[in-house]
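Everything below concerns the one structure shown next.
Readers should treat all values here as calculations from the given coordinates under stated rules, not as data from a laboratory. These numbers were taken from a predicted model, which means no experiment stands behind them. For neighbour counting, all protein chains shown are included, and Cβ atoms are generated from backbone atoms with ideal geometry for every residue, glycine included.
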Amino acid sequence: MRIAMIGTGYVGLVSGACFSEFGVNVVCVDKDAAKIDGLRERGDIPIYEPGLEQLVASNAQAGRLSFTTDLPTAVAGADAVFIAVGTPSRRGDGHADLSYVYGAAREIAAAMTKYTVVVTKSTVPVGTGREVARIIREVRPDAEFDVVSNPEFLREGSAINDFMRPDRVVIGTESERARAVMRQLYRVLYLIETPILFTSLETSELIKYAANTFLAAKITFINEVADLCEKVGADVHDVARGIGLDGRIGRKFLHPGPGYGGSCFPKDTLALVKTAQEYGAPLRIIETVVDINAKRKKAMADKIIQFLGGSVAGRTLAILGLTFKPNTDDMRDSPSLDIIPALQAAGANVRAFDPEGMKEAAKHLANVEYADNAYACMDGADALVILTEWNEFRALDLARVRSLLREPVMIDLRNIYTPEDMEAQGFRYSPVGRRQ
Ligand code: UGA
């Protein structure tokens, strides 16, 4: 089998590398010549994802994975061509911007030389697959092809494992010929008994959005319950466990925090809200989720300020963690991008440390002093704030933390410490949804 992967962003690069690990011959294509050069010549990975560098290097060396800017050559003769280009939120209306997807469809159409399965792997709104098919037919009325929707459910930070051992694979197409090609590509997953769902194009497209918006709603639910826990003196972790052990609810994605961020949930919730409104079937739950989550990020700055006595003017706050979650350098829609400016607007001086995200953060945040490590970050600060739950922040030497801070105050928006431990260590401690 030979495939072309159009777009070497998160999804494209991880999927390309993983398919090559499955034994498929993969050519990854991108318009960004510098990126392709880096990948081809030096194995430079443009994103931070554990294990990806090795996976790319070993498959490139084995000759199963290559990189090019030459789309026509990569597409010619391929059994399947995956579209994994970006679908950012369109400025102004929240719709997914599909210009890259449709642009790729046109170029693919012009380059196909035999029966080709064209697969949309990017998260695309319902109806996009049909439009891709229409475009290809328009450009190449003679071409033999099928369009398949095959959404990706991988998480940043555990992307390779998520691809290699997924909970399920969803394949949307009505064509038996295309299904056979997809079965062949995912042959390895059949061997480990992964559920593989065949659906229509539209169903598959909607499954992706329904999954992400459901998870965003689950997080938002527990975040609101956490706020209530603080008021009534309950513990949100016990509540989450107490409800999560009910198999109908499930334990995952019930961890409270400063609001969801990242490249997917914020964009996908907005896009589904728009689609639903347009079709006259509004998803009011998700509309509310979007609204609550946006407000939550701002409310977290107020929570910090209140805990520090109502004013942070002239005080230095040490912030640990900037990325939207650990094990990534991704800053997209990270809560830190709302919380830090709000603290600065209230007069705080912000010093920050993040193991991977500082370079990206510096492009988005002004007037932040970046420290070399966690301890340098908190040296002489008035309080410590944990924004992202990197493992290295879970094991801080608390005696050292206490001696470095001007006062032993910690606001832990990820609940990586416990009120009991922090009290025993002599800290004033503010978690989310637990005893303060
Ligand atoms: C998410 C989905 O989990 C993936 O299944 C999906 O493939 C991906 O979007 C996508 O559409 O490409 P990702 O954005 O990488 O993956 O990150 P998550 O681990 O889902 O976290 C998203 C946000 O929710 C983060 O800000 C995280 O801190 C927050 N979160 C997550 C919570 O606040 N509480 C939780 O219990 C879980």
Cα shape, the range 1-112, gyration tensor, a/c 1.5 rule: oblate
R0 of 25 Å, Cβ-Cβ distance TYR279-THR203: FRET efficiency to nearest 0.05: 0.95
Among ILE222, ILE196, ILE249: highest mean-square fluctuation, GNM of the chain, C-alpha pairs under 10 Å: ILE249
Top of PRO258, PRO282, PRO408 by mean-square fluctuation, Gaussian network on the chain, Cα under 10 Å: PRO282
The chain: calculated mean residue ellipticity at 222 nm from DSSP helix runs of at least 4, using -39500 (n - 2.57): -13500 deg cm²/dmol
Table column - 3J(HN,Hα) (Hz), the range 354-369, Karplus curve with 6.51, -1.76, 1.60, x for Gly and Pro: 9, x, 10, x, 5, 5, 5, 4, 4, 6, 10, 10, 9, 6, 9, 8
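Using Cα pairs under 8 angstrom and six or more residues apart, how large is the relative contact order of the range 200-436, in percent?
RCO, the range 200-436: 20 percent.
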15 Å reach of a label modelled at GLN54, 7 Å along Cα-to-Cβ, counting backbone N of the range 10-42: 18, 21
5 angstrom amide H check on ALA96, placed H, neighbours 5+ away: ARG90
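Figure the gain on full extension for VAL139 and ALA110 (residue separation times 0.36 nm, minus the Cα-Cα span) and round it to one decimal in nm.
Here the segment from VAL139 to ALA110 would lengthen by 9.8 nm.
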Estimated FRET transfer efficiency when R0 is 41 angstrom, pair ASP291-LYS359 (beta carbons, to 0.05): 0.80
Linear extension gain, GLU131 paired with ARG435, 0.36 nm per residue minus alpha-carbon span: 104.2 nm
Additional length obtainable on full extension of the chain from ASP246 to ALA180, 0.36 nm per residue less Cα span: 20.0 nm
Placed amide H near CYS28: partners under 5 Å, 5+ positions off or other chain: MET5, SER66, PHE67, THR68
5 angstrom amide H check on ILE196, placed H, neighbours 5+ away: VAL169
Kyte-Doolittle at least 0.0, axis length at least 20 Å by Cα - qualifying DSSP helices, the chain: 201-232
